[in-house]
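In what follows, a single structure is set out as structure tokens and then discussed.
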Amino acid sequence: MATKKVTVTIPEDLLDEIRAEAAERGLSAYVAEALRFKRDRDRLLELVDWLQEEHGSVTEDERAAALAELEDLDAEHERRHAAGKHNAGEAA
């Protein structure tokens, strides 16, 4: 993938924190990942705005149902993860 060098200004304290976290990946990779994340989030927010214009806002009941479903999925994931660790221990 082609790259291009740019100059940006970042608060010094933030730069120090990022350098400490980015250590092995490198600052450029860390910043590129952060920019991709921000771009993707902006696109999702645009989609949410469009969906709300087309279909109306999400109701509290719909929001609660979605959150309950996510909790169920998280619980199932944890259950499978724990079962996988247990089964891996038995095989060893």
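Between [x] 18.1; [y] 14.7; [z] 13.4, which entry matches Kirkwood radius over Cα pairs in Å as derived from the coordinates of this structure? Comparing each candidate, only [x] matches the computed number. Shown for the chain are the DSSP H helices of 24 Å or more along their axis, judged by Cα atoms, with a mean Kyte-Doolittle hydropathy of at least -1.0: 27-55. Find me the longest stretch of the chain that has none of the exposed trypsin sites (Lys or Arg not before Pro), where exposed means in a DSSP loop (not H, G, I, E or B) with at most 16 other Cβ atoms within 10 Å. In the chain, the maximal stretch lacking such sites is 26-92. Ligands, DNA and RNA are left out, and with a 1.4 angstrom probe the accessible area of the chain is 95 Å² per residue. In the chain, helices alone account for a calculated mean residue ellipticity at 222 nm of -27500 deg cm²/dmol, with every DSSP H run of four or more residues adding -39,500 (n - 2.57).
For L47, the accessible surface of its heavy atoms amounts to roughly 80 Å² (probe 1.4 Å, protein chains only, rounded to the nearest 10). Rg/Rh, computed from the Cα trace of region 41-92 with Rh as the Kirkwood radius, has the value 1.30.
What is the percent carbon and sulfur in the accessible area of the chain, measuring with a 1.4 Å probe over the protein chains and ignoring ligands? That fraction is 55 percent.
The values are calculated or read from the model by the stated rules, or taken from the named source; none is laboratory data. Quick caveat, the model's predicted, so the values are computed rather than measured. Positions of Cβ are backbone-derived with ideal geometry, glycine not excepted, and every protein chain shown enters the neighbour counts. Protein only, heavy atoms only, side chains kept; ligands, DNA and RNA dropped before computing areas. Shrake-Rupley method; radii C 1.70, N 1.55, O 1.52, S 1.80 Å.
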